[in-house]
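Everything on this sheet refers to the single structure shown next.
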Amino acid sequence: MAPDFENFNDRMERASLKELMPGFDKEAEWLQLSHKLHPVKKRLHLPVWSYAAAILLLLGTGVLFMLPPTTKNSDSVARHASPPAIVVPADTSLNARPAMAQADTQAKEIKPLPNKGLAVVKKRIRTRKDHGLITRYTAKDFICNGTPCPIQICINQTVTCPHTQPSTISSSSTLEPDQSGQLRYKAHDKIAKNCSLTVNEIEITSIATGETILLNTNSSPSTAQDVFNYITGKKKGDVLAGMFSSDCDHQEKKHGVRLNNRHGDLIIE
Amino acid sequence: MDEATLVKCCKDNNPAAQKALYDKYVEPMMIVCLRYVADHEDAKEVLMDAFLNFFKHIGGFTYLGDGSVRAWLKKITVNQCLMQLRKRKMYYAPGKEVEQYEHVDTGENALDYLNAKEIMAMIHTLPDGYRTVFNLYFFEGMNHKEISELLGISEGTSKSQLHRGRALLKGKILQTN
């Protein structure tokens, strides 16, 4: 070691840090070092169920935004299920011989009529209990039941949204004779922007007899969409939905069922 | 608690033992850092990394008696300082200003009057290359072969850096006196 600087080391060894670096805070430095040596794990470990709950909550909120508000005192029902597998058009011909429906029949049966091969749907009357699902109502158009019989109208619609399975909504309304009541269905303006709404079926049932006029895409003289256009007011005038073969007193007396909005209010005649 | 026990406890990651060793050696190691790295903030960063490495690798350390912990920690600290200097691309420049002090004899007395703070200030005036070799030679007691291997330079470069560093320091000391 060179003699001129050899004692530098000794002097530096004896030096005080306070002299060389007065602002050095060894405790503060230790705190930093300690945190690095023993890091505190700040991440919260949430249980798996909490993530699932959060996802469900988000999905539920999304669905609520897509649905309209519910009504407590409504007698209609809605359901998210596949529509009934009825593919035969209802007996809507004025000349056809109508058939009686059996109220206690669970399954739907389709029998060709003797004349003109028309079909009659025999089925049990659908009531609110039969649907038994969540009640979610939509548009509330008033309809006047101008017939002497109580009538139930069920409108089955399908909402189709991108990247999701189509869902079916069934809204049923019971109309007392000679009274106005609410007719409920899903309105176009009540669905999400990217979704489409189609009417699959309309069932018009005489509650007393159990007869049902089933309208779908193939029914005649009117399809479900035709009748729906009059219900919503898209078309003005009247349309023949079909035929009931008997009155409420089960007397054989054919009469047509017509929806009329010619004078503004919707009337079933 | 003696140092051997502290080392043993540090191997078990005991915070109290770590703190005790830190308290014992933080000041001398900071002085080491300041000799190599002039910037105080950089020096503190180097010190932190040195202690981290020390505690991280203490499991492989064998206690060999008094002074062994200090020597090992100092070695780690010096290496950490050199790493810091390498990050800054330490340059071994031949300084022209050295030429005028090549044959200056400062005499023993001039150096004897310098205190630690003045010595540190003088060292800090040296370029990185001079300062590093000067530190390794005079303070760490290495020879030129060891320095050249450590820094990845030739022995000739090590010698010239030291020679010029000494000459430069002598000239500065002469000027201050």
What is the one condition in (1) within 11 Å of chain B (Cβ to nearest Cβ); (2) at pLDDT below 90; (3) under 60 Å from the mean Cα position of the chain (by Cα) that A:Leu33 does not satisfy?
(2)
Of the conditions (1) acidic (Asp, Glu); (2) more than 17 Å from A:Leu64 (Cα to Cα); (3) surrounded by fewer than 21 Cβ atoms within 10 Å (Cβ to Cβ), the single one that A:Glu203 does not satisfy is (3)
What number of residues in region B:16-29 are surrounded by 15 or more Cβ atoms within 10 Å (Cβ to Cβ) and facing another protein chain (nearest Cβ under 10 Å)?
7
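Table: residues versus (1) of a type in the set (Asp, Glu); (2) in contact with a Leu (Cβ under 8 Å, 6 or more places away or on another chain); (3) at the interface with chain A (Cβ under 10 Å from one of its Cβ atoms).
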| site | (1), (2), (3) |
| --- | --- |
| B:Asp128 | yes, yes, no |
| B:Met142 | no, yes, no |
| B:Leu150 | no, yes, no |
| B:Glu155 | yes, no, no |
| B:Ser158 | no, yes, no |
| B:Arg164 | no, no, no |
If you go through region B:153-177 one residue at a time, how many are at pLDDT 85 or above, over 12 Å from B:Tyr137 (Cα atoms), of a type in the set (Gly, Ala, Ser) and part of a helix (DSSP H, G or I)?
3
Need pairs with beta-carbon distance below 8 Å; first residue in contact (Cβ under 8 Å) with a residue 12 or more places away in the chain and within region A:185-208, second charged (D, E, K, R) and loosely packed, with under 15 Cβ neighbours inside 10 Å; sequence gap 6+ or separate chains.
A:Ala208/A:Asp249
Tally, over region B:38-57, of residues that are in contact with a Cys (Cβ under 6 Å, 6 or more places away or on another chain) and more than 11 Å from every other protein chain (Cβ to nearest Cβ)
1
Considering only region A:70-90, I want to know if a residue exists there that is surrounded by 11 or more Cβ atoms within 10 Å (Cβ to Cβ), modelled with pLDDT of 50 or more, of a type outside the set (D, E, K, R) and under 28 Å from the mean Cα position of the chain (by Cα).
yes
Based on this model, can you work out whether B:Val32 counts as part of a helix (DSSP H, G or I), in contact with a Cys (Cβ under 8 Å, 6 or more places away or on another chain) and either charged (D, E, K, R) or within 11 Å of chain A (Cβ to nearest Cβ) (or both)?
yes
Considering only region B:66-86, I want to know if a residue exists there that is more than 14 Å from chain A (Cβ to nearest Cβ), at pLDDT below 90 and either more than 22 Å from the chain's Cα centre (by Cα) or within 23 Å of B:Gln175 (Cβ to Cβ) (or both).
no
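What number of residues within region B:35-54 are part of a helix (DSSP H, G or I) and surrounded by fewer than 15 Cβ atoms within 10 Å (Cβ to Cβ)?
1
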For region B:125-143, what are the residues that are buried (at least 20 other Cβ atoms within 10 Å of the Cβ), in contact (Cβ under 8 Å) with a residue 12 or more places away in the chain and not in a loop (DSSP other than H, G, I, E, B)?
B:Gly129, B:Tyr130, B:Arg131, B:Thr132, B:Val133, B:Phe134, B:Asn135, B:Leu136, B:Tyr137, B:Phe139
Give me a count of the residues in region B:110-124 that are assigned to a helix (DSSP H, G or I) and either at the interface with chain A (Cβ under 8 Å from one of its Cβ atoms) or over 21 Å from B:Pro28 (Cα atoms) (or both).
7
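The values are calculated or read from the model by the stated rules, or taken from the named source; none is laboratory data. In this text the structure is predicted, and so the values were computed from the model without any measurement. With ideal geometry, Cβ positions are generated from the backbone for all residues, glycine too; neighbour counts draw on all protein chains shown.
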